[in-house]
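Inspection log for the structure reproduced underneath, given as structure tokens.
The values are calculated or read from the model by the stated rules, or taken from the named source; none is laboratory data. Since the structure is predicted, the reported quantities are computational estimates derived from the model, not experimental observations. When we count neighbours, we look across all protein chains shown, and the Cβ atoms used for this are built from the backbone with ideal geometry, even at glycine.
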Amino acid sequence: MKLDDLKKNAKEDINKATLIKELESVRIKYLGRKGSLTNILHSIGDFPKEDRPLIGQTANKLKREITNLLEEKKKYLEESRALEWEDLSLPGRKTSKGSLHPLTILSQEIIDIFMSMGFSVVRGPEIETEYYNFNALNTPEDHPARDLHDTFYLKDGRLLRTHTSPVQIRTLEKHSPPLRIISPGRCYRVDTFDPTHSPTFVQIEGLWVDYDVSMSDLFGTLELFTKKIFGEGIRTEFLPGYFPFTEPSAEVWIQCPFCDGKGCSVCHSGLIEILGAGMVHPNILKNLGYSEFTGFAFGLGVDRIAMIKYNINDIRLFYQNDIQFLNQFNEIKL
Ligand SMILES: [Zn+2]
């Protein structure tokens, strides 16, 4: 009988189909608008009246059967195609591990050193008032030192802090000495980017105020610091310096680690300046009502120390987000 042949052929065609679009051709061939089974269903009226019910039932049953077979095969093909895409034998994709920024790593190392000497960490705002950034630090409006600190001003007269020293004043206003604090954070100055200048940098300042703090406490503290950062054998020298908020002031220099103090293109003299320090200016303590105390303060640029410690010759590398550069610090553990 014709329907039996049709059933057999349709099953064969469905079995042979290996692609979904081939399966669609099979569907059209039998069940499409002009498909062979559709034609039979449409021509039932041509058969003798008594045969029509049986032919109709059989053809409809066959239609359901072919539809089911097509659906099953389609599902099978879709699943096997998904498996092709998902090659389970491939090794998993590695997600790359990030690392801390070198300035963060070094800041934390420096903070740890001072915390081990009894300093606590205090942070303050990056947007400051002129009072905290300059006036309270013995730098009135007409003071020449303000030129060194030319900074970014906001419309309302506030400014981006040029050092973390305002934190010292804010702390001294709230807490009376004795105290020992360090204040790490980002600072700003009007500088154009070049290998040794950056309009933003990370500073860590320290302040120790107590009844009998002397210059020798300052020397001892900072010498211990340089040894911990650059190694036991490093030679530290203190040279006279000038800062408006300290008196007397000192520059701290270390033996150049690139040439071991022999003199090279980086240091010229065998020594490299790493930070500024001094005894807190008596005017500052007097203004705050702490005349009976003495203290010392220091400030260091984390960028500068990082350049010397990690032998980096361009400060811009810290701010360019170059993955190759940053990846080198992956292995440094805190
Ligand atoms: Zn040198």
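Details
- 1 or more residues within 16 Å of the ligand (Cβ to nearest atom): qualifying strands (runs of 3 or more DSSP E) within region 200-259: 236-243, 246-255
- Residues that are out of contact with any helix residue (DSSP H, G or I) (no Cβ under 9 Å at 6 or more places or on another chain) and modelled with pLDDT under 90 do occur in region 299-318.
- Out of ILE284, ILE229, one residue alone is of a type in the set (Val, Ile, Thr), at pLDDT below 90 and under 24 Å from PHE119 (Cβ atoms). It is ILE284.
- Positions within region 111-161 being β-branched (Val, Ile, Thr), at pLDDT 90 or above and either under 21 Å from ASN287 (Cα atoms) or outside any helix (DSSP H, G or I) (or both), in sequence order: VAL121, VAL122, ILE127, THR129
- Flag if GLU273 is surrounded by fewer than 18 Cβ atoms within 10 Å (Cβ to Cβ), within 16 Å of the ligand (Cβ to nearest atom), in the same structural domain as HIS175 (by TED's automatic domain parsing) and part of a strand (DSSP E or B): yes
- Residues of region 44-71 classified as modelled with pLDDT of 90 or more, of a type in the set (Lys, Arg) and either exposed (fewer than 13 other Cβ atoms within 10 Å of the Cβ) or more than 21 Å from LEU23 (Cβ to Cβ) (or both), total: 2
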